[in-house]
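See below for the structure under consideration.
The values are calculated or read from the model by the stated rules, or taken from the named source; none is laboratory data. The model shown is predicted, which means the values in this text are computed figures rather than measured ones. Positions of Cβ are backbone-derived with ideal geometry, glycine not excepted, and every protein chain shown enters the neighbour counts. SASA here: full protein model, heavy atoms, side chains in, ligands and nucleic acids out. Shrake-Rupley method; radii C 1.70, N 1.55, O 1.52, S 1.80 Å.
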Amino acid sequence: MLQTLLAVVVLPLAVRSATCVGGNFKPGSFQQCTQVASNLAVHWIVDATAGDITFGVDMDLPASASNWVGIGISDNGGMFGTDTWILLQNSTGGYYIQDGFAMQPGIPVPDASQDVFLVNPPTPSANSTVYTFKRKLKTCDANDYDIVVDTLFHMVWAHGTAVNGAPNQHANGPADRGNFVALLYNSTVASVPTTSGLSSFEVVMPSAKIPTTVTNYICTTFSVPVTTKNQIFAFEAILNDSTKQFVHHMVVYRCSQSFANAGAKFACTGMPNQCSVFAMVWAPGSGLTQYPASAGYPLPPNQYFALQIHYTNPQGISGVVDSSGLRLYYSAQLREHDVGVLTVGTTEISVPGNFNGLTGTGDSLCSADCTAQFPSNLTVLGNFFHMHSLGYNMSSRLVRGGKEIVPLGVRKYYSYDFQGLTPALPGTVIMPGDQIVTQCTYGPTDASHGNLRPYYTLFGPATTDEMCFNFIAYYPAMTNVDYCMTSSQAPGRVLCQAEQNGKTYPISSNTAFSPQALPVCPNAYFVALPAKTGSSSGVGLKVPLFVFALLGLYFF
């Protein structure tokens, strides 16, 4: 990884289009870049020694007091739970970055602690807004996400108009807002594996006509034509330039049966039971996704999968036909380990109707009795949390000897429309005898929250039902345990089984554990900012905390 910060230079040439290569920053100024939209390139570089990350934003938008530009880290890819960094001008024309947080759709609220600093403000331009800013990798502000090594982050971006230095609501089209995924602090750069005998297989949606409604899920089933066991080493997206803005994310599920009509497409807001085991996920900006060098996703003969694409069409454009999909890289030269998926959570769900509060499942246990059956330690790659439209937040925690070792994954701000992989911290290991405690929380069901349900919501496959599953990707794969969870099929017991058979164990009367102690932040993380002035010298300026009127639309 890069240890020193390179000098960041804006090219003093004629204004260029916003691109990762040949744009408005000097080549070599940044470590990484993502072209998140045709008119926006986001660059970044990490200084590991100083503990900083510097972003360079290059957008085809006039640099003026009447415009704002913002990017940020999201818990899920939507507005709910987003740490925002918005470029604004104050009353005397000085630029600053506003560090904010959004707890709901609408305009973010500025943080009491402003931890983002403008390095190079934009220069006046009728065509481009180009600037750099930085922040600490770890700020110790509860409203800021820590930027962790080798961890994928959901990112958002937007732009709009500003009035008297405050941002107005942006328009809701694909040219005005979007999301992407980025590896902000990486120790290696991904490239296609160089294994000899590597093959590729492309699975694409067969000419899907995207409906004019905002949210749509379309599936197709497929199998990879292999005659002996192979492993998938990596995958990447296949996108069409004319339709990629409609592709919200893609998920591949493993199926338990074959399909005579494989390749046909069908609506799939809820996945059918025979294709409900998570396998892999892609979100915008993911690039090439690789498994560890010692592991691959198993690909036996006659294994069927379902590709689910979430399409978003906020402007209701008609006549859009898409053939996006995934390219899988696989080989018969097997690596040491298979990647497996362990399902934890519960089916014991009962959310009361017409209720104005939050409802939790309590502690859903994968018990030590079950994990004692694990043949070895499991290295955790990530979590795919799954609830339905009432889902509010979800977590899985790893407990050893009555003490929490590390959160396997936490989704504080769950959104059914923004599902994706929640990475585990590098080096997270589940050991035989550990406990995994999973909790799901569901939102209100009363009319005042716009989600009136007069009836109880129980577990089920429909979107009007609910779920509480975490699909944990790990290696080496086990053959004796696929599920470790509490279930309405066995009240008071932990279901511990493979897909077809297994055991149940009684739930201990005492499942309490000591939560992980949060680290104490050193004083060096807290930086005193200068008083707000009209200067545009590039120093981040302190903004008084005030509450904007919240709008009932996505801000990002």
For region 387-437, give the percent of accessible area contributed by carbon and sulfur heavy atoms, probe 1.4 Å, rounded to a whole number.
55 percent
In terms of the Cα gyration tensor, with a ≥ b ≥ c the square roots of its eigenvalues, is region 317-453 rounded because a/c is under 1.5, prolate because a/b exceeds b/c, or oblate?
oblate
Using the Cα centre of region 10-97 as the reference point, and only Cβ charges (+1 on K/R, -1 on D/E), how large is the resulting charge dipole? Debye, rounded to the nearest 20.
280 debye
Just flag the trypsin sites (Lys or Arg not before Pro) in region 221-274 sitting in loop per DSSP whose Cβ has no more than 14 other Cβ atoms within 10 Å.
K229
Say the dipole of region 403-487 comes from +1 at the beta carbon of Lys and Arg and -1 at that of Asp and Glu; which of M467, V429, H449 then lies farthest toward its positive end?
V429
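Evaluate region 230-385: find the radius of gyration of its Cα atoms, find its Kirkwood radius, and give the ratio Rg to Rh. Please report the intermediate quantities before stating the final value.
Numbers: Rg = 18.7 Å, Rh = 18.6 Å.
Ratio of gyration radius to Kirkwood radius for region 230-385: 1.01.
Taking only C-alpha pairs under 8 Å that are 6+ residues apart, what is the relative contact order of region 421-475 in percent? Please list the in-between numbers first.
Numbers: 22 pairs, mean separation 9.2, N = 55.
Averaging sequence separation for qualifying contacts and normalising by length gives 17 percent for region 421-475.
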Report, to the nearest whole %, how much of the accessible area of region 20-133 belongs to carbon and sulfur atoms, 1.4 Å probe, protein only.
56 percent
In terms of the charge dipole of region 298-385, which places +1 on Lys and Arg and -1 on Asp and Glu at the beta carbon, the residue among L342, V321, S364 farthest towards the positive end is V321
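Counting only heavy atoms of protein chains, what accessible area per residue, in Å², does region 195-306 have with a probe of 1.4 Å? Show your work: numbers first, answer last.
Values: 4610 Å² over 112 residues.
I get 41 Å² per residue for region 195-306.
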